[in-house]
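Reviewing the structure listed below.
The values are calculated or read from the model by the stated rules, or taken from the named source; none is laboratory data. Owing to the predicted nature of the structure, the values given are computational and were not obtained by experimental measurement. Note: ideal-geometry Cβ built from the backbone for every residue, glycine included; neighbour counts use all protein chains shown. Please note that ligands, DNA and RNA were not included when accessible areas were found on the heavy atoms of the full protein model with its side chains. Shrake-Rupley method; radii C 1.70, N 1.55, O 1.52, S 1.80 Å.
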Amino acid sequence: MPKNSMPKEAAYQVITDELMLDGNPRLNLASFVTTWMEPECDKLMMASINKNYVDMDEYPVTTELQNRCVNMIANLFNAPIGSGEAAVGVGTVGSSEAIMLAGLAFKRKWQQKMKSQGKPYDKPNIVTGANVQVCWEKFARYFEVELKEVKLKEGYYVMDPVKAVEMVDENTICVAAILGSTLTGEFENVKLLNELLTKKNTETGWDTPIHVDAASGGFIAPFVYPQLEWDFRLPLVKSINVSGHKYGLVYAGIGWVVWRSKEDLPDDLVFHINYLGSDQPTFTLNFSKGSSQILAQYYQLIRLGFEGYKSIMENCIGNALILKEGIEKTGRFEVLSKDVGVPLVAFALKDSTKYTVFQISDALRKFGWIVPAYTMPADAEHIAVLRVVVREDFSCSLAERLISHIQEVLKELDSLPSRIVKDSHVVAVAKEVVEENKDGEAAKMSDRKIQEKVTKQWRHYVKTKKTGVC
């Protein structure tokens with residue numbers, strides 16, 4: 001901390017100058033988070049930036065607007081709300097907090113059930129796919145729940161419902177399905193999961209429920225794929241989380257979690273406080289938080305309406321298809337993402353023996369693009385991909401510009417001497433294979449083995465980097 005003060009203009013300029021070295025949020029194609037909103041919404045957010053949402057008695061209108069958001073989102077997800085009833089849900093700082101709250105509700109209900117039956121309740125578990133976001137691992141570790149992951153396989157990068165249900169036992173507090181995988185954007189088959197789990201519950205006498213992590217897909221599926229059954233239309237779906245700051249089209253800092261009914265949220269998890277002026281129920285992990293994002297979400301919901309959200313999501317999907325076609329036309333990549341899902345394009349090199357997706361990612365930085373490269377989870381670690389998330393502010397012209405820059409990068413990497421590009425990691429791999437050849441025959445690796453070895457070396461390299469994207 002400086003010893004002396006400085007003029008406000010100087011402080012502003014010092015920070016502004018340093019921020020020039022940040023990346024451009026509009027070109028950050030790694031993030032699902034909204035990077036543009038209308039000026040009118042920006043004004044609303046600034047006008048409420050000094051309001052602490054938790055002071056509900058002092059800011060009753062803000063509280064009412066949050067409740068309206070919960071009701072609109074619950075209806076969007078087909079919650080069975082009766083006439084005159086209010087939906088059960090809460091605003092959070094993001095889907096991570098929303099998942100923690102939903103997980104705690106499942107754990108508490110399971111514990112209460114096991115206690116009433118006189119059974120042990122000290123070893124709860126949750127079943128997910130290996131493709132889940134890291135917040136699920138945080139929940140499991142922080143709240144002492146075993147995480148049982150369904151491993152992936154090449155060509156199938158989401159949770160297999162059949163394998164998931166096989167892993168369910170009496171101690172499973174819920175099965176978590178992902179509507180929009182972080183890795184490929186694909187929607188998991190929640191309807192099939194519901195059918196299989198219903199059958200197992202009937203056979204065993206259990207009542208294992210489902211939570212849907214719709215962080216990315218919750219504001220896409222209702223508008224673009226209304227016939228897709230993934231929400232509260234399925235009886236075992238008891239809670240759903242969604243990120244308002246992703247395809248809810250709000251700046252970072254807002255998420256939502258809604259429950260099917262009051263019975264699915266144990267009363268003893270809800271606290272009641274009165275030292276801010278009146279009795280106020282609260283179910284959050286934090287206390288104070290700003291009101292700006294809540295007002296921004298309400299603005300988007302009433303400003304756009306169903307028609308506006310539908311138009312924006314269809315446009316995002318259209319731009320993703322344009323990008324996909326351009327990438328496929330290069331002839332160098334295999335697209336792993338699906339057309340039905342979150343509007344993103346995940347693609348892998350068909351041949352990684354000369355250069356890798358990590359080098360392509362680094363080379364695109366010189367144009368300002370932030371395109372992440374990463375490896376798949378277990379058991380598909382040998383697959384390394386690039387991923388481009390298409391948001392509202394990623395236009396058709398930007399998609400075409402990105403394609404041209406990818407082509408330039410490929411041309412540049414092709415022109416480099418092969419030995420220089422392959423570098424020490426490939427040489428080491430070749431040497432290792434020669435040493436492993438017991439019969440002294442020519443050490444010719446299969447394409448798959450080359451891919452696995454090279455990716456393993458690059459994973460080690462990437463883990464040593466101190467900066468990155470989430």
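Tabulated values for the structure
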| read-out | value |
| --- | --- |
| Residue among LYS200, LYS153 that alone is modelled with pLDDT under 95 and in the same structural domain as ASN71 (by the TED database) | LYS153 |
| Top-ranked residue in segment 1-28 [being open to solvent by less than 90 Å² (accessible area, probe 1.4 Å) and aliphatic (A, V, I, L, M); ranked as nearest to VAL250 (Cα to Cα)] | LEU27 |
| First in segment 295-316 and within 16 Å of VAL250 (Cβ to Cβ), second anywhere and modelled with pLDDT of 95 or more and open to solvent by 40 Å² or more (accessible area, probe 1.4 Å), Cβ under 6 Å, 6 or more apart | LEU295/LEU44; TYR299/LEU44; LEU301/MET72; ILE312/GLU392 |
| Number of positions in segment 1-30 that are outside any loop (DSSP other than H, G, I, E, B) and under 22 Å from PHE394 (Cα atoms) | 4 |
| Filtered residues of segment 185-226 (kept if touching a residue at least 60 places away in the same chain (Cβ under 8 Å), buried (at least 22 other Cβ atoms within 10 Å of the Cβ) and of a type in the set (Val, Ile, Thr)) | ILE220 |
| Complete set of residues in segment 69-126 that are buried (at least 21 other Cβ atoms within 10 Å of the Cβ), in contact with an Asp or Glu (Cβ under 6 Å, 6 or more places away or on another chain) and over 25 Å from ILE254 (Cβ atoms) | none |
| Out of ASP231, ASP267, sole residue that is more than 15 Å from the chain's Cα centre (by Cα), among the charged types (D, E, K, R) and farther than 30 Å from LEU336 by Cα | ASP267 |
| Members of segment 343-360 found to be in contact (Cβ under 8 Å) with a residue 40 or more places away in the chain, in contact with a strand residue (DSSP E or B) (Cβ under 9 Å, 6 or more places away or on another chain) and more than 26 Å from GLY217 (Cα to Cα), listed by number | SER352, TYR355, THR356, PHE358, GLN359, ILE360 |
| VAL454 being in a helix (DSSP H, G or I), more than 30 Å from HIS245 (Cβ to Cβ), modelled with pLDDT of 50 or more and in the same structural domain as PHE347 (by the TED database) | no |
| Identity of the residue in segment 156-170, surrounded by fewer than 20 Cβ atoms within 10 Å (Cβ to Cβ) and more than 20 Å from the chain's Cα centre (by Cα), that ends up nearest to ALA384 (Cα to Cα) | LYS163 |
| GLU392 of a type outside the set (A, V, I, L, M), assigned to a loop (DSSP other than H, G, I, E, B), touching a helix residue (DSSP H, G or I) at 6+ places or on another chain (Cβ under 9 Å) and open to solvent by 10 Å² or more (accessible area, probe 1.4 Å) | yes |
| Hits in segment 171-198 - residues which are more than 20 Å from the chain's Cα centre (by Cα) and hydroxyl-bearing (Ser, Thr, Tyr) | THR172, THR198 |
| Output for segment 36-61, where each listed residue is within 18 Å of GLY94 (Cα to Cα), at pLDDT below 95 and crowded, with 16+ Cβ neighbours inside 10 Å | TYR53, VAL54 |
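Rundown of residues vs (1) at pLDDT 95 or above; (2) surrounded by fewer than 23 Cβ atoms within 10 Å (Cβ to Cβ), yes/no style:
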site: ILE240; (1), (2): yes, no
site: TYR247; (1), (2): yes, no
site: TYR251; (1), (2): yes, yes
site: HIS272; (1), (2): no, yes
